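**Student:** Supplied in structure tokens, the structure appears directly below.
The values are calculated or read from the model by the stated rules, or taken from the named source; none is laboratory data. Worth saying up front: this structure is predicted, and the values here are computed from it rather than measured. FYI the Cβ positions are ideal-geometry reconstructions off the backbone, even for glycines, and counts take in every protein chain you see.
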Amino acid sequence: MKTIHALLHRLTWLNLPAALLLGLLQRTPVLRIVAAAADRLTGAPLGAVIRAATVSAASLGAMHTLVGATTLITNQPSPLAAKVGTAITAVAFGINGPGVGQPGSWVVGGSIPPGLNFSGLTAPATINIANLVLTGTPTASGNFTVTLQGWEDKNRKGNGSPIYTYLINVTAGVAATAPTFTTQPTGQTLAAGSSATFSAAATGTPPPTFQWAKNGTAIAGATNPVYTLTGVQSADAGLYTAIATNSAGSATSNAAQLTVTVANPAVAPAFTTQPAAQSVTVGTGFTFSAAASGTPAPTYQWMKDSSSIAGATTATYAMASAALADTGLYTVVASNSAGTATSTAAALNVTPPGAPPTDFGRLINLSILTNAGPGASVLTMGAVIGGAGSAGALPLVIRAVGPTLGTAFGIGGVLADPVMTVNAQGTAAPVAVNDNWDGSAATRAAFTAVGAFVLPLGSLDCAYVPPVPGLRAGGYTVQVSGTTSATGLVIAEIYDAAGAARTATTPRLINLSTLAQIDPGATLAVGFVIGGTAPCRVLVRAVGPTLGTAFGIGGVMADPGLVLFSNDTGLQIGANDDWGGGTALATAMSAVGAFALADPASLDAGLVVTLPPGAYSVRVSGKNGTGGTAIVEVYEAR
């Protein structure tokens, strides 16, 4: 019993069922134990190698049959032949003998050839491992003797085998050389979404393997000489290197910078600086300047009266010597891939050198097309005759046209029978009241003289031509309503009918205005004409909030905005939403005697601009489509 017990204790090293081992030992144990050990080893990663080693040893009769004797078994017998630079076939080691199983540790001694290792050992040491395997590529020739000893337990404990000798003869082969790069990867700058390809090549013996890295960190799976990225994004930008490695060493390529550009979204041009009106004499220079933002940066094209100016393609347009023919409206068009924008029009007036012009630039007409009727719908126009140093009276033509808009121009919803009343400031009795115009030859001649369209004889339109010499300096109002409670479209007009060339001392229209109710979502268009041969500086206002705060008028337009156009070219000249208390506007308002906009933060609108002779219109509407009562004014502002 003691003998069996001792045997069972010893058999625990073999790690097999005791009954099976006893049976095997009773039936010629050597060959059967080797086979059993081989079967068990197949379960380990190196099982195939170890099994080959045990089967090889059995077939060669290398096992000792004496009880207690052990033998080193291997799939590559000693001496092992190897060559420098050529990887060896893995060599597996085991120990065989009656009652012997896999070791718990190995002691490796002697001289291990450079480039080879015993399960990771490159120098003599003890290793706690059952399956000892020799692998690697020799890097030096010579005859090397290695000693091996197996132990039952880890750390050289338990029963130990004899010390075995294993010879390794390494002959000179192709000398291993460390990698050297022959092709370096190159940097690239690419737009987002493009594909990037990095290529490298390296020599070395044995041929090296490759590993790509980004910013020093290995890229998983990037182990080919060529590395490709598709659909690059900003996160892919960085430094890319290739590492070439073989048994003799490793080398790192030059760093290739990948730069990924992300295009900024295109933004259409918007003017940040508008060209300004100018007045010069013949032979002097002038310069218009503008600036526009946008992505990409916009290009420029200057225009005169809507026609392109050859070669004027920068943000500044200048001429050293002006001619009379240069008079006109100048704009600049800014363009990029996202669109175009046109600046406001800047007037250039060129006058002959010498004495001031005899035909003074001045306001000669105001017209307004809107609804008129009873009560709050009464249309009111204002006119002021004057001028610093002027004296005398001014001939006028004043009209309120409804029916002829329908018969001559096909406009629907007209005021069928308008009534017009003309009042002088400070006088209770009207200057004139007209229901239906008189159809006289004198009145028709007055229409022709000012360029007004013809009214048919017998129409129910209104017209008033003051007796010669006209109306004297002062303020006047014209009110238009209907003979019934109906409301309809009407055009109200005031014309300067003086005709002859005017000077600074000749009476003229210095202010034209209209007070009207503007429906929600509607736009009120007020037209005016500048006559003469010289430019005229004007102040244009659209006032709503101050009518309520200063004059107690209800239902005013809370936030009017105005846009000024040239009727001759269709070009926008200027615009304003909130006047903002600017010094230029405040000074101009005070100079012309306009009622003050006391609150700089009021939402009234205003604009000061110098205009050459021509026809213009002011278009007024409420912000966000709101309606209400507003007064639109045009002042001579010298």
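**Student:** Looking at region 443-494, which of the residues that are of a type in the set (Ser, Thr, Tyr) and touching a helix residue (DSSP H, G or I) at 6+ places or on another chain (Cβ under 6 Å) is surrounded by the most Cβ atoms within 10 Å (Cβ to Cβ)?
**Tutor:** Ser459
One line per residue, one yes/no per condition, for (1) at pLDDT 95 or above; (2) of a type outside the set (Asp, Glu); (3) surrounded by 15 or more Cβ atoms within 10 Å (Cβ to Cβ); (4) not assigned by TED's automatic domain parsing to the domain that holds Leu121:
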residue: Pro162; (1), (2), (3), (4): no, yes, no, no
residue: Gln211; (1), (2), (3), (4): yes, yes, yes, yes
residue: Val226; (1), (2), (3), (4): yes, yes, no, yes
residue: Ile243; (1), (2), (3), (4): yes, yes, yes, yes
residue: Ser247; (1), (2), (3), (4): no, yes, yes, yes
residue: Ala256; (1), (2), (3), (4): yes, yes, yes, yes
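**Student:** Considering only residues that are farther than 26 Å from Pro206 by Cα and in contact with a strand residue (DSSP E or B) (Cβ under 9 Å, 6 or more places away or on another chain), which ones fall in region 79-104?
**Tutor:** Phe93, Gly94, Ile95, Asn96, Gly97, Val100, Gly101, Gln102, Pro103, Gly104
**Student:** Additional query: Select, from Thr139, Thr186, the only residue that is under 30 Å from Trp212 (Cα atoms), outside the structural domain of Ala244 (by TED's automatic domain parsing) and in contact (Cβ under 8 Å) with a residue 24 or more places away in the chain. Lay out the reasoning, then the answer.
**Tutor:** On the way: Thr186 fails: outside the structural domain of Ala244 (by TED's automatic domain parsing).
Of the residues listed, the single one that is under 30 Å from Trp212 (Cα atoms), outside the structural domain of Ala244 (by TED's automatic domain parsing) and in contact (Cβ under 8 Å) with a residue 24 or more places away in the chain is Thr139.
**Student:** Looking at region 510-522, is at least one residue of a type in the set (Ser, Thr, Tyr) and over 20 Å from Met381 (Cβ atoms)?
**Tutor:** We begin by selecting, within region 510-522, every residue of a type in the set (Ser, Thr, Tyr); these are 513-514.
Now narrow it down to the ones that are over 20 Å from Met381 (Cβ atoms): none.
For region 510-522, residues of a type in the set (Ser, Thr, Tyr) and over 20 Å from Met381 (Cβ atoms): absent.
**Student:** Does region 217-224 contain any residue that is outside the structural domain of Ser105 (by TED's automatic domain parsing), farther than 30 Å from Gly94 by Cβ, touching a strand residue (DSSP E or B) at 6+ places or on another chain (Cβ under 9 Å) and touching a residue at least 60 places away in the same chain (Cβ under 8 Å)?
**Tutor:** No, region 217-224 contains no residue that is outside the structural domain of Ser105 (by TED's automatic domain parsing), farther than 30 Å from Gly94 by Cβ, touching a strand residue (DSSP E or B) at 6+ places or on another chain (Cβ under 9 Å) and touching a residue at least 60 places away in the same chain (Cβ under 8 Å).
**Student:** Can you pull out every residue in region 292-314 that is surrounded by fewer than 17 Cβ atoms within 10 Å (Cβ to Cβ), without any contact (Cβ under 8 Å) to a residue 40 or more places away in the chain and over 23 Å from Thr533 (Cα atoms)?
**Tutor:** Ser293, Ala297, Thr299, Ser308, Ile309, Ala310, Gly311, Thr313, Thr314
**Student:** May I pose another question? Tell me whether region 279-286 contains one or more residues that are under 24 Å from the mean Cα position of the chain (by Cα) and free of Cβ contacts under 8 Å to residues at least 60 places away in the same chain.
**Tutor:** no
**Student:** Of the conditions (1) surrounded by fewer than 16 Cβ atoms within 10 Å (Cβ to Cβ); (2) at pLDDT below 90, Val280 satisfies every one except a single condition; which number is it?
**Tutor:** (1)
**Student:** While we're on this one: For Pro275, all conditions in the list (1) within 16 Å of Leu571 (Cα to Cα); (2) touching a residue at least 60 places away in the same chain (Cβ under 8 Å); (3) assigned to a strand (DSSP E or B) hold save one; what is the number of the exception?
**Tutor:** For Pro275, the exception is condition (3).
**Student:** So how many residues does region 602-631 have that are small (Gly, Ala, Ser) and more than 34 Å from the chain's Cα centre (by Cα)?
**Tutor:** Total satisfying the criteria: 8.
**Student:** While we're on this one: Restricting attention to region 370-402, report how many residues are surrounded by fewer than 20 Cβ atoms within 10 Å (Cβ to Cβ), over 18 Å from Val422 (Cβ atoms) and either within 53 Å of the chain's Cα centre (by Cα) or touching a residue at least 12 places away in the same chain (Cβ under 8 Å) (or both).
**Tutor:** So the count comes out to 9.
**Student:** Among the residues of region 250-270, is there at least one that is of a type in the set (Val, Ile, Thr) and in a loop (DSSP other than H, G, I, E, B)?
**Tutor:** Yes, region 250-270 contains at least one residue that is of a type in the set (Val, Ile, Thr) and in a loop (DSSP other than H, G, I, E, B).
**Student:** Would region 586-603 turn up any residue that is buried (at least 21 other Cβ atoms within 10 Å of the Cβ) and of a type in the set (Ser, Thr, Tyr)?
**Tutor:** no
**Student:** Any chance region 546-563 includes a residue that's among the aliphatic types (A, V, I, L, M), at negative phi and free of Cβ contacts under 8 Å to residues at least 60 places away in the same chain?
**Tutor:** yes
**Student:** Residue by residue through region 121-176, note down the ones that are touching a Pro at 6+ places or on another chain (Cβ under 6 Å), part of a strand (DSSP E or B) and of a type in the set (Gly, Ala, Ser).
**Tutor:** Gly150
**Student:** Take region 185-210 and flag every residue that is under 40 Å from the mean Cα position of the chain (by Cα) and in a loop (DSSP other than H, G, I, E, B).
**Tutor:** Within region 185-210, Pro185, Thr186, Gly187, Ala192, Gly193, Ser194, Ser195, Ala200 qualify.
**Student:** For residues that are among the β-branched types (Val, Ile, Thr) and buried (at least 20 other Cβ atoms within 10 Å of the Cβ), scanning just region 317-340, find the one that is modelled with the highest pLDDT. Lay out the reasoning, then the answer.
**Tutor:** Filtering region 317-340 down to residues among the β-branched types (Val, Ile, Thr) leaves 327, 331-333, 340.
Remaining after also requiring buried (at least 20 other Cβ atoms within 10 Å of the Cβ): 327, 331-332.
Values: Thr327: 87, Thr331: 91, Val332: 94.
Here the answer is Val332.
**Student:** Of everything in region 540-558 that's assigned to a loop (DSSP other than H, G, I, E, B) and under 41 Å from the mean Cα position of the chain (by Cα), which residue is surrounded by the most Cβ atoms within 10 Å (Cβ to Cβ)?
**Tutor:** This residue is Met557.
Listed here are the residues, each with its yes/no results for (1) over 17 Å from Glu636 (Cβ atoms); (2) among the hydrophobic types (A, V, I, L, M, F, W, C).
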{"position": "Arg537", "(1), (2)": "no, no"}
{"position": "Asp559", "(1), (2)": "yes, no"}
{"position": "Ser566", "(1), (2)": "yes, no"}
{"position": "Ala575", "(1), (2)": "yes, yes"}
{"position": "Gly580", "(1), (2)": "yes, no"}
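**Student:** How about region 583-618: which of its residues are touching a strand residue (DSSP E or B) at 6+ places or on another chain (Cβ under 7 Å) and among the small types (Gly, Ala, Ser)?
**Tutor:** Ala584, Ala588, Ala594, Ala605, Gly606, Gly614, Ala615, Ser617
**Student:** Follow-up. Which of the residues belonging to region 211-249 are within 23 Å of Thr177 (Cα to Cα), in a loop (DSSP other than H, G, I, E, B) and either among the aromatic types (Phe, Trp, Tyr) or touching a Ser or Thr at 6+ places or on another chain (Cβ under 6 Å) (or both)?
**Tutor:** Hits for region 211-249 are Ser247, Ala248.
**Student:** Looking only at region 105-127, filter to residues that are surrounded by fewer than 20 Cβ atoms within 10 Å (Cβ to Cβ) and touching a Gly at 6+ places or on another chain (Cβ under 7 Å); which one of those is farthest from Ile168 (Cα to Cα)?
**Tutor:** So in region 105-127, the residues surrounded by fewer than 20 Cβ atoms within 10 Å (Cβ to Cβ) come out as 107, 109-111, 114, 117, 119-127.
Okay, now just the ones that are also touching a Gly at 6+ places or on another chain (Cβ under 7 Å), so 117, 124.
On the way: Asn117: 12, Pro124: 15 Å.
By that ranking, first place goes to Pro124.
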